[in-house]
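Student: Here's a structure for you.
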Amino acid sequence: MENRNASGSVVNQFLSDYGMLAVLLVLGALFATLTIKEQHPTGASAGRQVAQMIAQRQGENTQVLIVARDTREDRAFARAAAKELQALGIRVLAVVNGVPNDVRAAIEKITAGRQQIDAIVANDVTAKWSVYDRFPSVGSDKCVKPRPYIWPDFLKMSNLLGVANQTAIYAIIAIGMTMVIVSAGIDLSVGSLVALASVVSALCIRDWGGGADAGITMVVLGCAAGIAVCAAAGTFNGLMITVFGIPPFIVSLSMMMIASGLAFRLSDGRSISELPPSFLWLGGSQTLGVPNPVWLMLVLYSVAHIVMSRMVFGRYVYAIGGNKEAARLSGVPVKRMLMAVYTICGALAGLGGIVLSSQLAAGDPKFGLMYELEVIAAVVVGGASLMGGRGKVFGTLIGAFIIAVIKNGMNLTNVDPFNQRIVLGAVLLAAVLLDMLRRRR
Amino acid sequence: MARSALTGKPPLLEMHGIDKSYPGVRALDGVSLSVQHGEVVALLGENGAGKSTLIKMLGGAHQPDRGNIRVAGEEVNIDSPAAARLAGIGVIFQEFNLVPELAPWENIFLGRETGFGFVRRETERWRAAQLFQQTGVDVPMDVPCGQLSVAQQQIVEIVKALSQNARLIVMDEPSAALTTQEVACLFDIIRDLKRRNIGVIYISHRMDEIFQISDRVAVLRDGQLVGTAPTGELDRKRLIEMMVGRNIEEEFPETTRQLGPARLVVRGLKHAKFPVGLDFEVRRGEVLGVTGLIGAGRTELARLIFGADHLVGGSVTLDGTPLDIRSPRDAILAGICLLTEDRKQQGLIMGASICENFGLPNLSELSYGGFVRGRQERVACDSYAKRLNIKMSHSQQLVGNLSGGNQQKVVLAKWLQRNAEVVIFDEPTRGVDVGSKYEIYALINELAKQGKAIIMISSELPEILGMSDRILVMHEGRITGTIQDTAAATQEQIMEFAAQ
């Protein structure tokens, strides 16, 4: 009996902490059904598939022309097809990566050499070109293209990774915001700190590191400087809140203006783009097929989850948010803890700024506009209470993804951008309402 | 029971067969209760017996699952505070419903202004003044309610109920924060209400008061009505037995104390509110009782030693070592702990679990390298829960869902785990039922036996007399009396020092 009660409460606890996960899954399923479409395979695997099809249909002694556009994916397609065909003993007459005119030239050259084209390897785009029908000996019916299949646009790997990549920055900043909101505070300055970090690090790299020729050490130092400045801004916020007792809303509102002003002042209001390729690694590259910002996000969330749920630090933050006076009288170093929380929030906003600069290859004082609201929305949708004491780190991650999935889904289903904002506002309200109703019961 | 024998009128209030369940708890089980016109019914029961649920129904905050409520013979459906007001029921909760920034007359008419969007200052003020005059108490009319004393605020609440033509007034532990004189004043008001044929339901844990003021007693236990009887037919012992359902021989556990040398020595302790510095010491194994009227500076004294308030001057030494305490954290590390009088605001985090509350001051011992040792914490928490007889379903339960007595035991558990050398109790039994009170007293005795130095602050004079080895009486920030021989001391003697 005791046991069943306890395990029942574990399930309830999980539901109340991560009930939003169900909402996220429902949204995913909704957009998956709404975006079901005929898909055409691309890339290397599609190339190999077409090669196999030709080998089966035509047998050996076949002569083939490969036609693809001049894009990364298409080149991979053409390369893989050529390699596979050769391995199967089929002769590749020519590989075209270009526009219809290039195809005409290639065919003219082949026919001039009295060669016969038995089949054309094409993909869904190049097969539609009309250039083949100009040559009576060729004709578009000789095109062989990869077999189409049915799959939702939303669930394509490239789309999902794109969503994750765009969410990563908001989600990283939202970690700090979760800690602040759990401690019964608020930090409105994170959006401006994103801009400040991007400008400070880009400036350091341009003016002291040698701009586009900067070495890796200077890049790292520049980024560290950007993050450090934002952490210091966070510490300043914490100082004003704990020592002088100014409400967090006012302190961070002031910091929002100050940091934004500083970013514009330091950069003279211009974008700074003299940055070396190594700076772009963090935001623009992938590791094991997953964008680096997504890795960074996952690592930070795992660490933050452990800190907030298993460590004394997290306990103290929840205690302060639940009842500041009771926490103080229980020996919690309230001031020190709040300073730490705002410092972490500032530092993570700075890190978000670095990732954004790296993605967009520039430092710009206009970055991060309105990010604070998006981030607060993610934390609230994730189940944290603005009254403090309640909220989970992974809840916030789910909240950030709910917002990102709705945005992405509306783009894929061609919802008007003006309507998108209305929907997002309504979703935020609905999420909080749902949470309230569930708790009241 | 249906009709009053004397008047033939139907009773003022009749509750019949009231059931109420919350998820997992049967709060009330077929409770029937009646109140006659001009009768004072004392409602008694341990914490969690269902008193709060019953009066919340009268106030319109909860609705019964089954059963009906009649007021003066007419069945009423109290589904909102407005409906309660309409039925002529005024409920005065322990936490007052007053806006601290508004004056008494503004509070009294709040939400019932009649001036079409304008406040009719003069009319309202005049009507409020009349009501105050009727009760015969003087309350400053133009001071914000937040600056009034607890007793004055309570009178404002009573007048507010009267202004709404209440025929029945329910008071939930009205005397909990009052001094002896203020309680006497409250009783005068209640007697006056009786004369005006207004019925009163009076909830209190203090036996003396019940015998003084009530006509009839109704006792609740575990959601059921154990019985009702005219107060004159009962004695103290019988009443306690009805409440706890077993015999309790003594209110205070028997013990002999071995006093050692002075452990905590306080010299010239100065607070911004104190006119002079305070000097006193607590000996090994001694319970030092500190009492006085509200505002005498007892709580400030405790908060100063604990580092919760700013120390203006003075020194504190523990076992000969001078302490430099600047925050509660310093005090806790030095071996001093304070059990605050106000559990909700200062003692516990209501939205956190029992276990988390228990662990909070003990995380330095219950963690390793910054990581909380969850298992060790749970085991320690469970063992204290067993030892203190905390009624809970499991230690992950929210503290806010426990009854007052059990919450106080969680506070005790978290500080016992600290094993501090100096333990300061500020009103340790406020809002705690009789059974739990005894357990808390036994625990204080055990701590004294272990050689700790104990300071116990209390307004309840029987408790001070029954538990202390020595009594300090305070008045307006001074120690006005020290009573060494507590066995021979009387309540009158203490009051003399306290009122000066």
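Student: Test A:F31 against the stated conditions and say whether it is modelled with pLDDT of 80 or more and either away from chain B (no Cβ under 14 Å) or under 30 Å from A:V393 (Cβ atoms) (or both).
Tutor: Criteria met by A:F31.
Student: Name, by its number, the condition in (1) without any contact (Cβ under 8 Å) to a residue 24 or more places away in the chain; (2) within 19 Å of B:S436 (Cβ to Cβ) that does not hold for B:D208.
Tutor: Only one criterion in (1) without any contact (Cβ under 8 Å) to a residue 24 or more places away in the chain; (2) within 19 Å of B:S436 (Cβ to Cβ) is unmet by B:D208, namely (1).
Student: The conditions are (1) part of a helix (DSSP H, G or I); (2) at pLDDT below 90, and B:S395 fails exactly one of them. Which is it?
Tutor: So the condition that B:S395 fails would be (1).
Student: With the requirement that a residue be under 22 Å from A:E84 (Cα atoms) and either part of a helix (DSSP H, G or I) or aliphatic (A, V, I, L, M) (or both), what does region A:100-140 give you? Quick ask: steps written out before the conclusion?
Tutor: First, the residues of region A:100-140 that are under 22 Å from A:E84 (Cα atoms): A:103, A:106-107, A:110, A:115-127.
A:V103, A:A106, A:I107, A:I110, A:I117, A:A119, A:I120, A:V121, A:A122, A:V125, A:T126, A:A127 - these are the residues of region A:100-140 that are under 22 Å from A:E84 (Cα atoms) and either part of a helix (DSSP H, G or I) or aliphatic (A, V, I, L, M) (or both).
Student: List the number of the failed condition for B:G405; all other conditions in (1) in a helix (DSSP H, G or I); (2) within 9 Å of chain A (Cβ to nearest Cβ); (3) in contact (Cβ under 8 Å) with a residue 60 or more places away in the chain hold.
Tutor: (2)
Quick grid of which residues meet (1) farther than 24 Å from B:S459 by Cβ; (2) at pLDDT below 90; (3) crowded, with 21+ Cβ neighbours inside 10 Å:
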{"position": "B:E281", "(1), (2), (3)": "no, no, no"}
{"position": "B:D309", "(1), (2), (3)": "no, yes, no"}
{"position": "B:V312", "(1), (2), (3)": "yes, yes, no"}
{"position": "B:G320", "(1), (2), (3)": "yes, yes, no"}
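Student: OK, next. Can you tell which of A:G388, A:G368 is within 14 Å of chain B (Cβ to nearest Cβ) and in a loop (DSSP other than H, G, I, E, B)? Before the answer, list the steps.
Tutor: Numbers: A:G368 fails: within 14 Å of chain B (Cβ to nearest Cβ).
After applying the criteria, what remains is A:G388.
Student: May I pose another question? Would you say A:R328 is over 29 Å from the mean Cα position of the chain (by Cα) and surrounded by fewer than 22 Cβ atoms within 10 Å (Cβ to Cβ)? Lay out the reasoning, then the answer.
Tutor: Numbers: over 29 Å from the mean Cα position of the chain (by Cα): yes; surrounded by fewer than 22 Cβ atoms within 10 Å (Cβ to Cβ): yes.
Taking the combined requirement at face value, the residue satisfies it.
Student: In this structure, is A:I90 in contact (Cβ under 8 Å) with a residue 40 or more places away in the chain and crowded, with 19+ Cβ neighbours inside 10 Å? Quick ask: steps written out before the conclusion?
Tutor: Working: in contact (Cβ under 8 Å) with a residue 40 or more places away in the chain: no; crowded, with 19+ Cβ neighbours inside 10 Å: yes.
Criteria not met by A:I90.
Student: Could you check B:I325 against (1) of a type in the set (V, I, T); (2) more than 9 Å from every other protein chain (Cβ to nearest Cβ); (3) not in a loop (DSSP other than H, G, I, E, B) and say which number it fails?
Tutor: The single condition B:I325 does not satisfy is (3).
Student: Please determine whether any residue of region B:333-343 is at pLDDT below 90 and either farther than 30 Å from B:E286 by Cα or out of contact with any strand residue (DSSP E or B) (no Cβ under 6 Å at 6 or more places or on another chain) (or both).
Tutor: Looking for residues that are at pLDDT below 90 and either farther than 30 Å from B:E286 by Cα or out of contact with any strand residue (DSSP E or B) (no Cβ under 6 Å at 6 or more places or on another chain) (or both), one finds at least one in region B:333-343, hence yes.
Student: Here's something else I'd like to know. Can you confirm whether region B:431-443 contains a residue that is touching a strand residue (DSSP E or B) at 6+ places or on another chain (Cβ under 8 Å), surrounded by fewer than 20 Cβ atoms within 10 Å (Cβ to Cβ), modelled with pLDDT under 90 and within 26 Å of B:Q345 (Cα to Cα)? First the steps, then the outcome.
Tutor: To start, the set of residues in region B:431-443 that are touching a strand residue (DSSP E or B) at 6+ places or on another chain (Cβ under 8 Å) comprises none.
The answer is no, given that none of the residues of region B:431-443 is touching a strand residue (DSSP E or B) at 6+ places or on another chain (Cβ under 8 Å), surrounded by fewer than 20 Cβ atoms within 10 Å (Cβ to Cβ), modelled with pLDDT under 90 and within 26 Å of B:Q345 (Cα to Cα).
Student: Within region B:188-202, can you find the residues that are crowded, with 17+ Cβ neighbours inside 10 Å and over 24 Å from B:P10 (Cβ atoms)?
Tutor: B:I189
Student: Suppose the filter is over 30 Å from B:R373 (Cβ atoms), more than 14 Å from every other protein chain (Cβ to nearest Cβ), surrounded by 17 or more Cβ atoms within 10 Å (Cβ to Cβ) and touching a Pro at 6+ places or on another chain (Cβ under 6 Å); does A:V294 pass it?
Tutor: On the way: over 30 Å from B:R373 (Cβ atoms): yes; more than 14 Å from every other protein chain (Cβ to nearest Cβ): yes; surrounded by 17 or more Cβ atoms within 10 Å (Cβ to Cβ): yes; touching a Pro at 6+ places or on another chain (Cβ under 6 Å): no.
So A:V294 fails the test.
Student: Go through region B:286-299 and count every residue that is buried (at least 20 other Cβ atoms within 10 Å of the Cβ) and either of a type in the set (G, A, S) or within 14 Å of chain A (Cβ to nearest Cβ) (or both). So that I can check it myself, show each step before the final result.
Tutor: First, pick out the residues of region B:286-299 that are buried (at least 20 other Cβ atoms within 10 Å of the Cβ): B:286-293, B:296-299.
Retained after the next criterion (residues that are either of a type in the set (G, A, S) or within 14 Å of chain A (Cβ to nearest Cβ) (or both)): B:289, B:292, B:296-297, B:299.
Total satisfying the criteria: 5.
Student: Is one or more of the residues making up region A:257-271 buried (at least 23 other Cβ atoms within 10 Å of the Cβ) and among the charged types (D, E, K, R)?
Tutor: No - not one qualifying residue is present in region A:257-271.
Student: Take B:L239 and tell me if it is in the same structural domain as B:M207 (by TED's automatic domain parsing), in a strand (DSSP E or B) and either touching a residue at least 24 places away in the same chain (Cβ under 8 Å) or crowded, with 19+ Cβ neighbours inside 10 Å (or both). Explain how you work it out, then say what you get.
Tutor: Details: in the same structural domain as B:M207 (by TED's automatic domain parsing): yes; in a strand (DSSP E or B): no; either touching a residue at least 24 places away in the same chain (Cβ under 8 Å) or crowded, with 19+ Cβ neighbours inside 10 Å (or both): yes.
Answer is no for this residue.
Student: Could you grab me the full set of residues in region B:469-500 that are among the β-branched types (V, I, T) and in a loop (DSSP other than H, G, I, E, B)? Write out each step before concluding.
Tutor: Start the filter on region B:469-500 by keeping residues that are among the β-branched types (V, I, T), which leaves B:471, B:473, B:479-480, B:482-483, B:486, B:490, B:494.
Scanning region B:469-500 gives B:T486, B:T490.
Student: Scan region B:359-392 residue by residue and report those that are outside any helix (DSSP H, G or I), polar (S, T, N, Q) and at the interface with chain A (Cβ under 10 Å from one of its Cβ atoms).
Tutor: Filtering region B:359-392 for residues outside any helix (DSSP H, G or I) gives B:363-373, B:388-392.
Next, from what is left, pick out any that are polar (S, T, N, Q): B:364, B:367, B:389.
Within region B:359-392, B:S364, B:S367 meet the criteria.
So that you can scan it fast, the table gives a plain yes or no per residue for (1) within 14 Å of chain A (Cβ to nearest Cβ); (2) in contact with a Ser or Thr (Cβ under 6 Å, 6 or more places away or on another chain); (3) aliphatic (A, V, I, L, M); (4) closer than 24 Å to B:G335 by Cα:
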| site | (1), (2), (3), (4) |
| --- | --- |
| B:K409 | no, no, no, yes |
| B:E421 | no, no, no, yes |
| B:Y438 | no, no, no, no |
| B:M474 | no, no, yes, no |
| B:T486 | no, yes, no, no |
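Student: Quick one: which helices (runs of 4 or more DSSP H) lie wholly within region B:66-140 and hold at least 3 residues that are surrounded by fewer than 17 Cβ atoms within 10 Å (Cβ to Cβ)? Write out each step before concluding.
Tutor: On the way: elements: B:81-86, B:104-108, B:121-135.
Correct list: B:81-86, B:121-135.
Student: With the checklist (1) within 13 Å of another protein chain (Cβ to nearest Cβ); (2) closer than 27 Å to B:A331 by Cα; (3) within 26 Å of the chain's Cα centre (by Cα) in hand, flag the one item B:Q397 doesn't pass.
Tutor: The one condition B:Q397 does not meet is (2).
Student: Further question: Quick check on my filter: what residues within region A:287-312 are without any contact (Cβ under 8 Å) to a residue 40 or more places away in the chain, farther than 30 Å from B:L366 by Cα and assigned to a strand (DSSP E or B)?
Tutor: The one that is without any contact (Cβ under 8 Å) to a residue 40 or more places away in the chain, farther than 30 Å from B:L366 by Cα and assigned to a strand (DSSP E or B): A:T287.
Student: What's the total number of residues in region B:331-349 that are buried (at least 19 other Cβ atoms within 10 Å of the Cβ) and either at the interface with chain A (Cβ under 7 Å from one of its Cβ atoms) or aromatic (F, W, Y) (or both)?
Tutor: 7
Student: Going through region A:416-433 one residue at a time, which ones are surrounded by fewer than 11 Cβ atoms within 10 Å (Cβ to Cβ) and either assigned to a loop (DSSP other than H, G, I, E, B) or touching a residue at least 40 places away in the same chain (Cβ under 8 Å) (or both)?
Tutor: Scanning region A:416-433 gives a single hit, A:D416.
Student: Quick one: in region A:297-339, which of the residues that are within 24 Å of A:G352 (Cα to Cα) and out of contact with any helix residue (DSSP H, G or I) (no Cβ under 8 Å at 6 or more places or on another chain) is nearest to the other protein chains (Cβ to nearest Cβ)?
Tutor: Taking region A:297-339 first, the residues within 24 Å of A:G352 (Cα to Cα) are A:297-309, A:313-314, A:317, A:337-339.
Restricting the remaining residues to those that are out of contact with any helix residue (DSSP H, G or I) (no Cβ under 8 Å at 6 or more places or on another chain) gives A:298-299, A:302-303, A:306.
Numbers: A:L298: 21, A:V299: 19, A:S302: 15, A:V303: 12, A:I306: 8 Å.
The selected residue is A:I306.
Student: On to the next question. Taking the criterion of being in contact with a helix residue (DSSP H, G or I) (Cβ under 9 Å, 6 or more places away or on another chain) and within 25 Å of B:R430 (Cα to Cα), would at least one residue in region B:310-324 satisfy it?
Tutor: No: zero hits.
The values are calculated or read from the model by the stated rules, or taken from the named source; none is laboratory data. Everything numeric in this text was worked out from a predicted model, so none of it was measured. Every residue, glycine as well, gets a Cβ built from its backbone with ideal geometry; the counts of neighbours run over all protein chains shown.
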